């Protein structure tokens with residue numbers, strides 16, 4: 001137990017709920033540069049790899065063989081392996097070296113060589129490299145939409161809101177595997193309600209995933225997991241060749257496919273072979289490229305807590321994202337699984353991908369509450385939408401989302417839930433009741449939904465999967481029930497599958513008007529106005545300042561238009577009322593008698609402004625101060641300064657005119673000072689800078705203390721409340737109110753004011 005109170009409090013911080021361990025290389029608990037990692041090497045004989053990373057071909061395992069025969073570009077390998085890793089690292093951050101040249105050499109590097117390259121780079125340099133090597137110019141984002149009760153109306157509504165918020169892809173999964181067809185169906189309906197062109201998938205066992213795709217319920221998949229050791233592959237009943245075959249099966253049916261890998265999975269499965277996590281991940285990425293996949297979901301994914309428990313874990317995650325981009329793969333860069341109890345730590349981790357941008361900054365931003373996320377809880381979730389939108393606005397970074405109003409969200413949620421209700425009725429599924437639709441429109445989570453008969457839903461899902469119905473029946477049902485727009489969007493996704501353009505690396509759909517900087521000459525718009533952005537049509541051309549993706553134009557206006565943004569003028573308007581009727585100028589200010597306290601107010605007081613920053617009427621404030629002075633047997637006199645709006649100068653002016661030498665300076669926003677004649681202008685007896693915390697009782701005590709100073713008595717300073725959050729809340733209002741007061745400053749001497757008031761009895 002801590003003796004120090006500070007250490008006791010620190011022990012309760014969220015960050016100390018994490019697990020931190022020392023490295024243990026032999027168990028694979030080391031993120032990079034493990035002592036058992038091989039040194040890079042390559043020997044090619046008769047155009048065939050004879051040795052790689054210190055291992056002869058006769059000793060190759062299945063992964064080595066696949067990498068040697070299907071990944072390595074032997075045309076570039078000799079040059080790449082002969083180039084120093086330090087030089088390759090510098091080429092990554094050199095804006096004068098094109099990304100294509102770096103990629104040409106990267107495809108000739110062995111896994112150990114790739115690791116040696118990034119070993120020379122710090123986090124900032126890796127972020128610079130990622131900004132250059134990302135294959136698609138325009139960043140995007142992917143959402144997770146699930147719920148614990150697997151309610152169809154809520155799935156559709158949440159998917160619609162996610163699409164409206166700008167997610168280019170939406171992924172769902174199941175609590176009960178048999179529910180997959182209906183979950184995929186509802187997310188498809190919702191995704192094409194918010195806007196057309198959103199890609200969807202259902203994370204399920206791979207053969208089931210392919211069946212859903214063939215039914216037309218999904219348009220992409222990323223469940224093809226690869227591993228960096230042979231034992232891990234065997235445990236999954238897979239090989240690199242079987243994964244490559246399955247990928248081709250998806251692609252041949254017009255379904256976009258990327259693989260999944262990530263640091264830590266082999267250590268988690270007890271099959272790390274004593275190698276570092278990053279080295280094994282480099283092997284995975286070489287397999288992905290060799291298998292012909294257009295992209296990869298990586299960034300430790302669900303294993304994130306394992307590398308984060310070790311030194312350099314977050315850096316290693318960024319390194320694996322960078323290596324994937326170096327190899328020309330679309331990168332869905334993790335940030336999906338809950339990474340930390342600490343809001344500071346989870347946000348810091350995100351910045352490594354958010355700032356440079358990746359093809360998908362999240363491989364699953366939880367667009368639902370964390371308790372409804374069936375992927376194990378999101379690193380960011382529905383309760384973080386506003387925070388994320390503000391981050392985009394703060395940094396002028398495109399994180400793939402857009403702010404929406406409550407009215408917009410409610411409208412698309414209702415349409416999607418009603419559309420799902422209509423399809424269920426038309427296809428003979430269990431009814432979605434009106435009360436479910438209305439609950440889904442306003443629900444935060446599945447806890448807000450009425451119960452359903454899950455047994456009946458499962459039976460319907462089984463019939464749908466086994467029967468002849470498919471997405472064409474869904475389109476027809478929507479048309480019959482009056483949801484032509486949603487039907488058209490789903491039909492367009494089928495059309496796009498036949499075209500196959502979105503099988504290009506890093507492909508997403510945008511409306512034609514949203515395609516900032518895309519090569520519109522390479523393809524025509526579809527009838528729905530959709531355009532494919534990919535590594536081919538929207539290649540990343542970052543080459544230093546002024547190049548690459550720049551958030552501007554209409555997209556920037558969309559990002560900055562947060563619903564909670566107000567006009568600066570609004571902050572002043574509610575402090576402008578009817579000028580005080582009992583306040584009158586009577587002539588130039590004059591020096592008074594020994595038994596007085598002068599109150600000097602700012603030039604806007606009682607006229608241009610009539611309330612303090614926390615809403616106290618100026619008249620009530622003056623009455624409180626005058627009452628305090630009167631209770632001490634002295635007289636308060638009021639003057640207004642026109643030559644200054646500065647609080648210290650107001651107090652200095654007040655004491656200069658006061659017969660007793662004691663004065664109170666009072667700004668219109670409420671900041672107050674008690675000053676004594678003869679003291680420096682910026683020194684004082686008491687300063688009340690936290691004006692939002694001042695009450696009428698405080699102002700009365702200020703009057704009493706000023707009078708006591710005038711009488712020469714011993715004074716106990718007025719207690720003040722320090723609100724550390726006040727500046728965050730009110731600095732804009734403070735600046736605007738001070739600006740308004742300063743607008744009233746003019747070359748005019750202080751004026752005597754008559755304040756017609758009656759003391760409280």
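Nothing in this text is a laboratory measurement; each read-out follows from the coordinates by a stated rule. From a predicted model like this one, the values you see are computed outputs, not experimental measurements. Positions of Cβ are backbone-derived with ideal geometry, glycine not excepted, and every protein chain shown enters the neighbour counts.
Report, for the chain, the % of DSSP beta bridges that are antiparallel, rounded to 5. Show your work: numbers first, answer last.
Working: 30 of 61 bridges.
Here the share of antiparallel DSSP bridges comes out near 50 percent.
Out of the DSSP beta bridges found with both residues in the stretch 572-755, what percent are antiparallel (nearest 5)? Intermediate results must be reported in sequence, preceding the final value.
Working: 17 of 28 bridges.
Antiparallel bridges make up about 60 percent of those DSSP assigns within the stretch 572-755.
Taking the Cα centre of each part, how many Å lie between the stretch 193-272 and the stretch 274-346?
After rounding, the separation between the Cα centres reads 16 Å.
Say each of residue 241 and residue 205 gets a label point 7 Å from the Cα, pointing the same way as Cα to Cβ; how far apart are those two points in nm?
About 2.4 nm separates the two model spin labels.
Which of rounded, prolate or oblate describes the stretch 148-225 when judged by the alpha-carbon gyration tensor and an a/c cut-off of 1.5?
Working: a/c = 1.91, a/b = 1.33, b/c = 1.43.
The shape class here is oblate.
Which of rounded, prolate, oblate describes the stretch 599-660, given a ≥ b ≥ c as roots of the alpha-carbon gyration tensor eigenvalues and a/c under 1.5 marking rounded, otherwise prolate only if a/b is larger than b/c?
Oblate shape, in that a/c is at least 1.5 and b/c is the bigger or equal ratio.
Could you calculate the contour length gain from residue 462 to residue 17, that is, 0.36 nm times the residue separation minus the distance between their Cα atoms, to one decimal place in nm?
Residue separation times 0.36 nm, minus the Cα-Cα distance, leaves 155.9 nm.
Within the stretch 537-572, list the residues whose amide N lies under 19 Å from a label point set 7 Å along Cα→Cβ of residue 355.
The answer is 542-551.
Starting from the Cα of residue 689, step 7 Å along the direction of its Cβ; do the same at residue 729; then give the gap between the two resulting points in nm.
1.9 nm
So if R0 is 30 Å, what FRET efficiency would residue 722 and residue 643 give, r being the distance between their Cβ atoms, rounded to the nearest 0.05?
0.45
Please list, by residue number, everything in the stretch 378-419 whose backbone N is under 19 Å from a paramagnetic label point 7 Å out along Cα→Cβ of residue 342.
Answer for this model: 379-380.
For a protection proxy built on the mean count of beta-carbon atoms within 10 angstrom, sort 546-552, 451-457 highest first, please.
My ranking of the peptides, most packed first, is 546-552, 451-457.
If the chain between residue 383 and residue 595 were fully stretched, how many nm would it gain, using 0.36 nm times the residue separation less the Cα-Cα distance?
Length gained, residue 383 through residue 595: 70.4 nm.
How would you order 75-85, 107-117, 136-146 from highest to lowest mean count of nearby Cβ atoms within 10 Å?
For the peptides 75-85, 107-117, 136-146, the packing ranking is 136-146, 107-117, 75-85.
Sorted by mean Cβ packing within 10 Å, highest first, what order do the peptides 220-233, 353-366 take?
353-366, 220-233
Can you give the FRET efficiency to the nearest 0.05 for residue 550 and residue 122, using r as the Cβ-Cβ distance and R₀ = 22 Å?
On the way: r = 25 Å, r/R0 = 1.13.
It comes out at approximately 0.30.
Estimate the FRET efficiency between residue 97 and residue 73 by the formula 1/(1 + (r/R0)^6), using the beta-carbon distance for r and 25 Å for R0, to the nearest 0.05.
Between residue 97 and residue 73 the formula returns 0.85.
Going by alpha carbons, how many degrees (0 to 90, nearest 10) lie between the helix axis of 406-426 and the longest principal axis of the chain?
With both axes taken from Cα atoms, the answer is about 30 degrees.
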